[in-house]
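The values are calculated or read from the model by the stated rules, or taken from the named source; none is laboratory data. Keep in mind the model is a prediction, meaning the values are calculated, not measured. Counting neighbours? That spans all protein chains shown, and the Cβs are built from the backbone with ideal geometry, glycine included. Protein only, heavy atoms only, side chains kept; ligands, DNA and RNA dropped before computing areas. Shrake-Rupley method; radii C 1.70, N 1.55, O 1.52, S 1.80 Å.
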Amino acid sequence: MWGGRFAAGPASVMREINASIPFDKRLWKQDIAGSKAHVAMLGAQGIVSAQDAATIAAGLDQVAAEYENEGVPVNLDLEDIHMVTESRLAELIGPVAGRLHTARSRNDQVATDFRLWVRDAIDDVAAGLVALQSALLTRAEQHVTDVMPGFTHLQSAQPVTLGHHLMAYHAMIGRDRSRFADARARMNECPLGAAALAGTGFPIDRQMTAAALGFDRPTANSLDSVSDRDFALDYLMAATQCSLHLSRLAEEFVIWASQPFAFVTLPDAYSTGSSIMPQKRNPDAAELVRGHAGRIAGCMTALVVTMKGLPLAYSKDMQDDKPPVFEAHDLLALSIAAMTGMIETVTFRTDRMRALAESGYATATDLADWLVREADVPFREAHHITGRAVKLAEDRGVSLAALPLGDLQAIDARITDSVHAVLTVDASVASRRSYGGTAPDQIRARIADARAQEQGA
């Protein structure tokens, strides 16, 4: 490739370190698409003849068919997917293949290919997240009224419903979808035609190639076009945040599947056994999702550090932009699929959830609120009164609802028998009717909103 300038070939180590074909072969579909759009434009502009353009396009289709059927050959001497494709094209159609690279560089070529790949990756993730949200909605609908403990600091705080809890993750995934959508909209500009860094003197039509490849417009600055990897960083940052949400859900499944909690029974399809302990049912799928979040965050950090000190325009460091994106995408896709499968098939132990919701004095706030609302007690005083009631119930080993009225009135005479109506977990949940609260009517309304949004999307 470098015969006109270099008299000697590369050292063996240079050959290995310089080649990216082992990983960038994943870009072959995008590389073929970009080349076909480019040669069609060259033909339309008269930069190459119509006959040559047609010959090159037909040759590219043949190369694509070979890749589809046989895979991309790995030849370190040809360095990357661009030169592997160009070399095979020359074998098929002869010297006319050399006209394909007119008015472009590998710099704008790879920038275009990589954007196309990341755009496709975003579309794949978006479809997976839609399926995950749908699974969360379905299970939330099934458990609108099933009470469970709501936690802060992993301590029983206030009763909520399982449907409300699942809808919290639906909201998180909704934000993930919006981040990926924002990233896609921002990156949808075409670098093709920026050439090495300064543009080209050929009369190219960048609007034509941008439109052919589904971009909104060409990029506006040729230097930025070939040196920008913000689109890859945007993808990795959105992937990292999404993986954190998946990891939190996975962590809850790990905890909930443990015997002390026993909130869920994970299906066999997402569990493993032990090589020595036959009784074990390990939540390995959830644990691996949790582990993948760290690896995805590491991929994001790797590219951030690679890009942080690069001057304009292209530097060879940027060849290392693709492996972390590829790895993160593969891990994220697996994590989304695993969590969707677990949500769809997990058995929720709602009887156990209710029992623990009733055992942790989770309705203490309801007693304090009743004092404020019915007895006109300032909240801080009501908090103190309730604390004494909780201490008494704890000493006697009973729930707040089981304390006799006389004992409650001994703590504060303003308490009346009507207080018992608010001290059950069902009454507590039903009272949380503020927008976004855990009351079943609120949950049903939020599910209806989500369903309507799904249908309008």
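General observations
- Accessible surface of the chain, 1.4 Å probe, proportion on carbon and sulfur as whole %: 53
- Computed over protein heavy atoms with a 1.4 Å probe, the accessible surface of the chain works out to 46 Å² per residue.
- For residue 161, the amide hydrogen comes within under 5 Å of the amide hydrogens of 148, counting only partners 5 or more places away or on other chains and with H modelled in the peptide plane.
- Separation of alpha-carbon centers, the stretch 182-222 and the stretch 352-429, rounded to whole Å: 66
- Considered as an equivalent ellipsoid built on the Cα gyration tensor, the chain has semi-axes of 61, 23, 19 Å, the largest given first.
- Relative to the longest principal axis of the Cα atoms of the chain, the long axis of helix 440-456 makes an angle of roughly 20 degrees.
- Ranked by solvent-accessible area (1.4 Å probe, protein heavy atoms only, all chains present), the residues 12, 227 order from largest to smallest as 12, 227.
- Probe 1.4 Å, all protein chains present, accessible-area order of 70, 16, 358, largest first: 70, 16, 358
- A Förster radius of 51 Å, combined with the Cβ-Cβ distance separating residue 101 from residue 288, puts the computed FRET efficiency at roughly 0.70.
- Taken over the alpha carbons of the stretch 35-170 as equal point scatterers, the Debye sum produces base-10 log I(q)/I(0) values at 0.21, 0.22 Å⁻¹ of -1.24, -1.28.
- Divide the volume of the convex hull around the Cα atoms of the stretch 186-301 by the residue count and you get 159 Å³ per residue.
- Straight-line reach from residue 316: taking Cα to Cα under 17 Å and skipping same-chain neighbours fewer than 8 places apart, the lysines in range are 308.
- Where only C-alpha atoms are counted, convex hull volume of the stretch 358-456 per residue in Å³: 99
- Over the chain: helical MRE at 222 nm, DSSP H runs n ≥ 4 each giving -39500 (n - 2.57), nearest 500: -20500 deg cm²/dmol
- Acute angle (nearest 10 degrees) that the helix 379-396 long axis makes with the longest principal axis of the chain, alpha-carbon atoms: 70
- Projected over all directions and averaged, the alpha-carbon convex hull of the stretch 13-102 occupies 5.5 nm².
- The Cα center of the stretch 96-157 and the Cα center of the stretch 244-308 differ in position by 19 Å.
- For a straight C-alpha distance cut-off of 16 angstrom, the lysines reachable from residue 25 (same-chain residues fewer than eight places away being disregarded) are 322.
- Distance between modelled label sites at residue 15 and residue 65, nm, 7 Å Cα→Cβ extension: 3.3
- Rounded tilt (10° steps) of 50-70 against the dominant C-alpha axis of the chain: 50
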